[in-house]
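Written out below as structure tokens is the structure these notes cover.
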Amino acid sequence: MEKACTLLVYFDKGSPSMANEIKAELESGDGPAKADAMRRAILLLLNGESLPHLFITVVRYVQSCDDHAVQKLLLLYLETVDKRNAATGKILPEMILICQNLRNNLQSPNEYIRGVTLRFLCRLTEPELLEPLVPSILANLEHRHHFVRRHALSAISAIYSLQQGDQLIPDAPELVERALASEQDPAARRNAFLMLLAAGQDRAVGYLFNNADRVAEWPDLLQMAAVDLIRKVCRSKGRADKGRYIRVIISLLSASSAAVVYEGAGALVSLSSAPTAVRAAANTYCQLLSSQSDNNVKLIVLDRLHELCSSHREVMVDMVMDVLRALASPNVDVRRKVLDLVLDLLTLRNVEEVVLYLKKEVVKTQAAEVKGDEYRQMLVQAIHNCAKKYPEVAALVVHLLMDFLGDPNVAAALDVVLFVREIIETNPKLRVSMIQRLIDIFYQIRASHVCSCSLWILGEYSLSLPEVESAISTIKQCLGDLPFYTVSEERETTDSSKPSQPVVSSVTVSSRRPAVLADGTYATQSAATEIAVSAPASALGSLASTQNLRSLILSGDFFLAAVVACSLTKLVLRLEEIQPAKVEVNKVSTEALLIMVSILQLGQSSYLPHPIDNDSYDRIVLCVRLLCNTGDDVRKVWLQSCRQSFVNMLAEKQFRETEEMKAKAQITYAQPDDLIDFYHLKSRKGMSQLELEDAVQDDLKAATGQFTKDADDTDKLNRILQLTGFSDPVYAEAFVTVHHYDIVLDVTVVNRTKETLQNLCLELATMGDLKLVDRPQNYTLAPESSKQIRANIKVSSTETGVIFGNIVYETSNVMERSVVVLNDIHIDIMDYISPATCADVAFRNMWAEFEWENKVAVNTVIQDEKEFLNHIIKSTNMKCLTPP
């Protein structure tokens, strides 16, 4: 996207006195004084002042100055000053006075003066001024210094590209070709080659083919120009000589310049879709990925590899391990792109190799010196996706990943537990070992969300008698001894008269257990014989480290307490099904009830600052009632329906992902009259293997219609806004593009009159959080001609903004300016929102990170929640992230 420069050099507007001061300094000053006066004159001209009487002074007193700085400023002044009459459009007669000075400069013994003058001529567009200078310009092609020759070639190229350029220097391509053959300077050769590329393409192609064997030895500037030529020729002339061009490009892939190599790989892919060519380009990109240290370069190269993956996936699949090596970069964005690309390239053939590599990377993040919490989380998510596509590889990594359930980085631990939950359902063979591993490491889990999910897994997937008993035993150990507090401790916590003294609690010697008091210290306690003991936090840290559930519940997490109650209920119900001894079942059931009642007692006491919430209370009470009186229907709900809901959720998720992949798939169109060449029936004489492959690929594409329909044109047509009426003397319409914080208006202006419109200006203004970047420019429009005008606008918020304005112009018949008022353009952000997807974990991270919640008063007649949700989705053009 084109970006305008937003730097404005501030300068005080000129006054007659200032113009007189400049004039006096130019007439009487020395070199530095003249240079200062010229600088001020140029700044005044750039800020819109005309200074009409200054030109003659400049010609008389500045042209003859020998100071190089003054001569350079003189050329900048001549470039800035108006050289044509604003009313008639003809060149001002006094401008002829500068020709002799320019001719003298072009014949100066000083190379610098010649060079800067030639560079100035590149920006001169008046044929009347250029015509007398042409012989001197051509003479500089033979100059001994490369600086002069380089700018002489640029000047010839600029003059030849003018409307009457071919009349000023009719034999320019021939002269430049001759100069190119004998030139040694890299920049001069590039300028000559670019001139031939623009004006004499056949000569440039001839030069390229004559030197095809030496292209790899060319300087990188010239190599880049050669790549541009090949792109341009192949776009205009199709398949003629394509094989020769491809050979040149392949020789450039071994160039020393990374820029040439990168451009060469891009050109090769655009020229040929043969597997050999695509493989060569992919190899080149992978080498750049590993050899370049700049992260921006890596990100750009990864974008190119993504494009290759979308159009040539079968070739890219073999490159997956080369791409994975880029994970050595410490940059998180590079690593994320690498992992996204690798996941797109997964096949049954390479998935095991990829997962083992990712497993090694996970192990590396465990090292003390590597701070890779975010990276580890990305790796876990990548492995999760691999296992979702190919469940058979889960066994390679699941046990290693389960070690991270106790990770201090909650997001990474949550990713692991969600992965475990999915794999245990989709891979029944791993269930037994995964349950045993989860029971072994459960006490290490510190995060409440991870504990909740782990408890759900234990409740749903502990199916055999030893598993159920181990799960219940682990939960009891992590809760510690009951009750959670004693009456004397409650009194201590309500007594706030001595907050600074250590808390003394009543405990027993026979049964010692830790509790977290309100001020954060630990104390041992019991309901039996009491003695006074005081303990700091560090004294019982080792005991509390195994009782993670107890410490989380005592911190006031009653949602987790409700999950503990539900999991114990499921485990007891399952135990009733598989344990024949009713006495044993009753004992376990009683212990579970005691735990639940203790939690309720804790929640309703004044021991904790906040009481239990109603939802958690109702949930735990429901579990108590179930264990006291269980019917067959309720048992079925708890032991079967919950798991079935989870299976349905996974199926829905899989279905959504499949639908998205189908939507992303390219739609192909083949026209009935498209030409298909059967290369088998052609002569293969002189064709390389690459050309044969290319012919096959082109034929297949033509036969199957495998080219993407360009929807951009249709989209543009739908978004064109008419700004003026059809009967207005100037017709205007605009196409609006919104890109992040930029709005670009492409306005087409058509002169519908038989007169030339002079000083035509598109004047725009904005309302709302929009800001114009460009200063409006004046244009001259010939009768019945059109002009594309681009305006850049910066957006600073998502509020709806309005762009309004008018078109102002002058004609030779009417002295005053005419105005055509434009229709308003309403920039509504809703037009540019498109539905997208986002992973649950990523959404929750963003929800935690950003300030989202703004209360909005809703006035609606809709009564049904689902109907209201659908109404919001439709109105905002968004998408519901979770399944219905």
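Average accessible surface for region 201-272: 45 Å² per residue, computed with a 1.4 Å probe over protein heavy atoms with every protein chain in place.
Sorting the segments 135-145, 609-619 by their residues' average number of neighbouring beta-carbon atoms within 10 angstrom, most packed first, yields 135-145, 609-619.
Pairs from the table (K337/K388; K298/K389; K389/K429) lying more than 21 angstrom apart at Cα are K298/K389. Once both labels are positioned 7 Å from their Cα atoms along Cα-to-Cβ, the gap between D82 and A212 label points is 5.6 nm. The count of lysine pairs in region 752-884 with alpha-carbon distances below 26 Å, taking only pairs 8 or more places apart or on different chains, stands at 8. Rounded to a whole number, what % of the accessible area of region 64-202 do carbon and sulfur atoms account for, probe 1.4 Å? After summing per-atom areas, the C and S share lands at 48 percent. In percent, rounded to a whole number, the relative contact order of region 201-272 is 33, using alpha-carbon pairs under 8 Å and six or more apart. Spatial offset of region 232-308 relative to region 321-390 amounts to 26 Å, using the alpha carbon center of each. Taking a ≥ b ≥ c as the square roots of the eigenvalues of the Cα gyration tensor, an a/c ratio of 1.5 or more together with a/b no larger than b/c marks region 267-408 as oblate.
State whether region 201-272 is rounded, prolate or oblate according to the following rule on the C-alpha gyration tensor (a ≥ b ≥ c being the square roots of its eigenvalues): a/c under 1.5 gives rounded; otherwise a/b larger than b/c gives prolate, and the remaining case gives oblate. Verdict is oblate for region 201-272. Note on region 718-832: dipole from Cβ charges, positive end direction compared against Q777, L723, I803; the farthest Cα belongs to Q777.
Over region 718-832, Cα pairs under 8 Å with separation of 6+ residues give a relative contact order of 26 percent. Legend: P(r) of region 545-639 from all alpha carbon pair distances, 10 Å bins from 0, whole percents, reading 16, 46, 28, 9, 0.
Computed over region 262-406, relative contact order equals 17 percent, with contacts defined as Cα pairs under 8 Å that lie 6+ residues apart. Here region 209-332 has 49 percent of its accessible surface on carbon and sulfur atoms, given a 1.4 Å probe and all protein chains in place. Heavy atoms of the protein chains alone define the surface here; on that basis region 718-832 has 56 Å² accessible area per residue at 1.4 Å probe size.
Ligands, DNA and RNA left out, the accessible area of region 718-832 computed with a 1.4 Å probe is 49% carbon and sulfur.
The values are calculated or read from the model by the stated rules, or taken from the named source; none is laboratory data. Computed from a prediction, not measured in an experiment: that's the story for all the values here. Because the Cβ atoms are built from the backbone with ideal geometry, glycine has one as well, and the counts that use them run over all protein chains shown. Protein only, heavy atoms only, side chains kept; ligands, DNA and RNA dropped before computing areas. Shrake-Rupley method; radii C 1.70, N 1.55, O 1.52, S 1.80 Å.
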